[in-house]
Amino acid sequence: MAEGYTPMVVTNVQVVEGKASELNFTLAPLAADTPAAAAAAGAVTSKPPTATTTTTATPASPTENTAAHTGNDGGGAIPENSGSETSAESGSSTSGSAADPASPPAGGGAGAGSGSGTVATEPVEPEDFRHHHYQDMMLFLLKYSAKCPAITHLYSVGKSVEGRELYVMEISDNPGMHEPGEPEFKYIGNMHGNEVVGRELLLNLIEYLCRNYGVDPEVTLLVNSTRIHIMPSMNPDGYEKGREGDVRGYAGRNNSNNYDLNRNFPDQYTTITEPRQPETIAVMNWLRSYPFVLSANLHGGSLVVNYPYDDDPAGRTQYSKSPDDEVFKMVARAYSEENVLMHNGHPCEKLYPSEFFKDGITNGAKWYNVPGGMQDWNYVNTNCFEVTIELGCVKYPHASDLRSYWEQNRRALLRYMHQVHKGVKGMVIDLTDGTGIPNATISVDGINHHVRTYKDGDYWRLLAPGVYNITATAQGYSPMRITVSVQEKEAMEVNFRLPRLGGAGGLSGGEGSDPVTRGAAELADQEFQGFIRRLSIGSGLDQLILDTSATATQGSLSYHNYQGLSEFMRGLNLNFPKIVSLRNLGQSWEYRTIWALEISNNPDVPEPSKPKIRFMAGIHGNAPVGTELLLEFATYLCMNYGKNPAITRLINETRIIIVPSINPDGRQQAREQQCNSTLGKTNARGKDLDTDFFGNASQRVVEAQPETRAVMDLILEKGYTLSVALDGGSVLATYPYDKPVQSVENEETLKYLAKVYADNHPTMPGDTGCPGESTTMNGGFLRAAEKHSHMGSMKDFSMDFGHCPEITVYTSCCLFPPADRLAALWAENRKPLLRMLVEVHKGVRGVVRDKSGKPIVGAMIVLNGGVRVFTSEGGYFHALLAPGSHNIEAVAEGYQQQRQEVIVSAYQAAMSIVIEFDMDNRIFGLPREFVVATAAASMTALIVTACIIWCVCSAKSNRQKDGFHRLRQQHDYDDEIHLTSMGSKKSLLSHEFQDDSESEEDTLYANKM
Ligand SMILES: [Zn+2]
């Protein structure tokens, strides 16, 4: 089915093992009148949802629940962390499976795994029932990834304290990639090392899915429609300390640093003071990198499904309801109903005789408080819904019992996975160009919990059956609301096509008076917007890399000494004279040339209307990887010019300056395979150049080193929009400043740029640091001073004197790795380097001129009241800004200042704005400082006014607020409606703050780590 087309059914499709069979559908377009078509026509979309809609369409709440949760788990509700040891073997396993009518007869399936093409009536059962220690488990995983290569992808999300890999087996019809529209599911086992049943069940499940794909229709369908991630052991260190036969002990429960991982996550109510553990960090990063929808965390020591919240604001043991209580009960029951013993509700009668869980499920906090638990963190901080499943009263049962655990849980494990397909799913799409909108918010009236769209604009919203009003909102678009009736069955597809907010940008209307040329310019602008957008979202850049793989030079990478480097640069100039020019910036102490390469469609011609980006490397001669990466990057760009349309366009629209070796003298001394040596770090006079950039010539007491001087002159040419410096000795990206400063102006933007690099690097976001590195980081980026605070850095000089943000990228732990590592390092950094070429087109750009059309050169553009850029020749300016809403102000001598609010998108190219000064309002004779002061004063007044408006609004809604950086679950539904109803500008602002998920998360980490 597709929107706007007649659905088509193809029957008798035979699915065989191995590669998916190709099946094409040619759909006839529908006449009109689908709800989506109506929406697209603008009927629903033009108005934001109104405040009057207070009738919350909450689905009929099943009344039995309240009854079920009163007074049932009397007294002793003590789970896995209770005191006295009992050796009583509570007969969870054997008796359960025998009397289990829900699970179809197990066993059978004697090695029928080869069944090619024929659809077997009984699924093939796993055969491997034993305890798997780490090495054994690893071999098991390797074996099944080799056995089912078409549907598996084995990866690790990090390492335990003792260095064991945290393996994940992905099972999907297209392993290794997210398919737009396909939900992602995960199981995590063995978080408590001595609770081993989950670990073995998940291995059984891997075997089961692998052997039944293409054999059993249920498994085949599940794997084709779901991306399943299975982590059999989150605590492999603890596991090795556990012992078989342990019923309710503690040996091996915690990780190797003796912390309970299920008390180690940031908590919404309590501050967790224990240091965050590597296993926890790895899982948090993992959750940030995949769009998980549903998850379960498998434990032992009881027999029940436990759902959020796990704690209560006051730490009491009582029902702590999450906004999605109905959904959680639905998915929890889906599991317990398939496990008869669990469903009985008397989990461990011998151990805790009075304990009873109606339907075998319980709210976490009602059972006992768990601050710092993983399931709540999932729900509160990501799109993922997670429950905790207790699989049996014995934590470490004897191997002989494992088969019966599988039989008891097989149906439940499968049915729980099917729950990922409940509710609604679909896309949020830009109405103008049809592309998906990432990070849009999906909210449901009456449920104070939003989910967000993923990179392609796809989303999933689990919901229990009922009628709901669902609203999609996105920065820069009008929100849209749709009423949906959710059924018991498969998720319903609901797509939102959002119209862009009208006419954003443009202080004063028209570029050129002629409507025809103006139209053409707008069209070209829009076209370019689409181009940048395609490269920014989804798999745009991956596709570009794939398209250019034939012309890639990869594999020929080697180190170049000064002689080789110079020849290489000249070679590029000679072979690509139309797009490459070579410049001599200056000489080192030992008379080596510091080269700069410009790549552009008009090299050497100043084209101030285009953004200019600088790539720098080799400031430390002992870390030459960056030098080689930039040579490769330059070659890659040149080779693909005229061949690949996207690369061609990027070169045509950008001025690219590459300085591969700032410190050629140091480079000459450095030796290959010296990972930690400082030989060659400094220049020939022993000066670390990255401490030599301070002041301008008149402010300096000592003369700058010649290398520094050359680079300072380059930076002072101005007109740069972005600079990326490559260095070594770590794997992360840093943003200004290197010097210790209290606060950084425009920090959000700087942080954003470093984050973009890290996010496009395959390992950077999850990197836990190099050996011997003390800094802890989140997401692979941090402020430079937090890594190594020092004065006189190139980055700081670029900021303060070049008015250009510079990030520094550390590409490998080893400073001078062996040459055969270079190809891999290039593969890692190619995409983020390309992404920077895309990124430089974002932010805000425009031209400043007077009424007569005369461009004003040297006008100051003040961003958010702080950061300044200056207009260059032609009156052009371009500044990068983090996604969001910003104030910009233009100040030019003799004119009245102009201000404007601009909205910057993470995915769109900068909208061109024209700032026109009115000569009639000239301020004759007033000194420039006065104008600046006026500008600052009016800015302050404006901010104060905005704050007052905000506070009044907040107060009106009678709700307690905790500032702009509220966690998104904590704001109230009424506030939401209230803000949304306040007209588009205000509501935009409110979304602004809610949408700023990055900084929210950072705030969260900062507060709670
Ligand atoms: Zn546990």
Search result, residues across the range 180-221 that are in contact with a Ser or Thr (Cβ under 8 Å, 6 or more places away or on another chain) and either among the charged types (D, E, K, R) or on the phi > 0 side of the Ramachandran plot (or both)
Glu182, Glu184, Lys186, Asn190, Arg199, Gly214
Cross-chain or 6+ apart pairs with Cβ under 7 Å, the range 887-914 first and among the basic types (Lys, Arg), then open to solvent by 30 Å² or more (accessible area, probe 1.4 Å):
Arg899/Asn887
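Table: residues versus (1) in contact (Cβ under 8 Å) with a residue 12 or more places away in the chain; (2) closer than 27 Å to Leu815 by Cβ; (3) open to solvent by 30 Å² or more (accessible area, probe 1.4 Å); (4) of a type in the set (Val, Ile, Thr).
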| site | (1), (2), (3), (4) |
| --- | --- |
| Val702 | no, no, yes, yes |
| Leu716 | yes, no, yes, no |
| Gly719 | yes, no, yes, no |
| Ser723 | yes, yes, no, no |
| Leu726 | yes, yes, no, no |
| Pro736 | yes, yes, no, no |
| Asn746 | yes, no, yes, no |
| Tyr757 | yes, yes, no, no |
| Pro762 | yes, yes, yes, no |
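Can you name every residue in the range 240-269 that is within 13 Å of the ligand (Cβ to nearest atom) and under 29 Å from Ala399 (Cβ atoms)?
Taking the range 240-269 as the starting set, the residues that turn out to be within 13 Å of the ligand (Cβ to nearest atom) are 242, 246, 248-250, 252-255, 260-264.
Hits for the range 240-269 are Gly242, Asp246, Arg248, Gly249, Tyr250, Gly252, Arg253, Asn254, Asn255, Asp260, Leu261, Asn262.
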If you take the residues of the range 670-711 that are hydroxyl-bearing (Ser, Thr, Tyr) and in contact with a helix residue (DSSP H, G or I) (Cβ under 8 Å, 6 or more places away or on another chain), which of them is nearest to Leu585 (Cα to Cα)?
Thr708
Conditions (1) out of contact with any Cys (no Cβ under 9 Å at 6 or more places or on another chain); (2) surrounded by 19 or more Cβ atoms within 10 Å (Cβ to Cβ) -> Pro577 fails only (2)
Right, Thr654: of a type outside the set (Gly, Ala, Ser) and in contact with a helix residue (DSSP H, G or I) (Cβ under 7 Å, 6 or more places away or on another chain) or not?
yes
Long-range neighbours under 8 Å by Cβ, at least six apart or interchain, first residue modelled with pLDDT under 90 within the range 417-437, second aromatic (Phe, Trp, Tyr) and not in a loop (DSSP other than H, G, I, E, B):
Asp430/Tyr477; Ile437/Tyr477
Go through Gly300, Gly315 for me and flag whichever is of a type in the set (Gly, Ala, Ser) and more than 21 Å from Leu205 (Cβ to Cβ).
Gly315
Given (1) more than 16 Å from the ligand (Cβ to nearest atom); (2) open to solvent by less than 10 Å² (accessible area, probe 1.4 Å); (3) under 30 Å from Trp460 (Cβ atoms), identify the lone condition not met by Leu298.
(1)
Single match in Tyr269, Tyr319, Tyr290 (criterion: open to solvent by 10 Å² or more (accessible area, probe 1.4 Å), under 24 Å from the mean Cα position of the chain (by Cα), among the hydroxyl-bearing types (Ser, Thr, Tyr) and under 20 Å from Val387 (Cβ atoms)):
Tyr290
Matching residues in the range 388-437 (more than 20 Å from Ser295 (Cβ to Cβ) and away from the ligand (no atom under 16 Å from the Cβ)) number 22
Taking the condition in a helix (DSSP H, G or I) and of a type in the set (Gly, Ala, Ser), does Ala710 pass?
yes
Among the residues of the range 822-831, are any of a type outside the set (Asp, Glu) and touching a Pro at 6+ places or on another chain (Cβ under 7 Å)?
no
Could you please find all residues in the range 467-497 being part of a loop (DSSP other than H, G, I, E, B) and either of a type in the set (Ser, Thr, Tyr) or farther than 26 Å from Leu222 by Cβ (or both)?
Ala474, Gln475, Gly476, Ser478, Pro479
Just the residues that are in contact with a Phe, Trp or Tyr (Cβ under 9 Å, 6 or more places away or on another chain) and either touching a residue at least 60 places away in the same chain (Cβ under 8 Å) or under 25 Å from Tyr290 (Cα atoms) (or both), please, taken from the range 482-493.
Ile482, Thr483, Val484, Val486, Ala491
Any chance the range 287-295 includes a residue that's closer than 27 Å to His133 by Cβ, within 16 Å of the ligand (Cβ to nearest atom) and out of contact with any strand residue (DSSP E or B) (no Cβ under 7 Å at 6 or more places or on another chain)?
no
Show the residue pairs that are 6+ apart or on different chains and have beta-carbon atoms under 6 Å apart, the first residue being within the range 254-266 and free of Cβ contacts under 8 Å to residues at least 40 places away in the same chain, the second being part of a loop (DSSP other than H, G, I, E, B).
Tyr259/Glu274; Tyr259/Gln277
Could you go through the range 621-632 and let me know if any residue there is touching a strand residue (DSSP E or B) at 6+ places or on another chain (Cβ under 8 Å), within 24 Å of Ser549 (Cα to Cα), open to solvent by 10 Å² or more (accessible area, probe 1.4 Å) and at pLDDT 95 or above.
no
Residue check, Asp324 against (1) farther than 21 Å from Val161 by Cβ; (2) away from the ligand (no atom under 15 Å from the Cβ); (3) touching a Gly at 6+ places or on another chain (Cβ under 7 Å), all met but one. Which one?
(3)
For the range 580-620, name all the residues that are open to solvent by 60 Å² or more (accessible area, probe 1.4 Å) and over 23 Å from Val869 (Cβ atoms).
Arg583, Asn584, Gln587, Trp589, Glu590, Tyr591, Asp604
For the range 357-450, which strands (runs of 3 or more DSSP E) that fit wholly inside it have 3 or more residues that are open to solvent by 10 Å² or more (accessible area, probe 1.4 Å)?
424-430
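The values are calculated or read from the model by the stated rules, or taken from the named source; none is laboratory data. Quick caveat: nothing in here was measured; it's all calculated off a predicted structure. Note that each Cβ is placed from the backbone with ideal geometry, even for glycine, and that neighbours are counted across all protein chains shown. Accessible surface areas use protein heavy atoms only, side chains included; no ligands, DNA or RNA. Shrake-Rupley method; radii C 1.70, N 1.55, O 1.52, S 1.80 Å.
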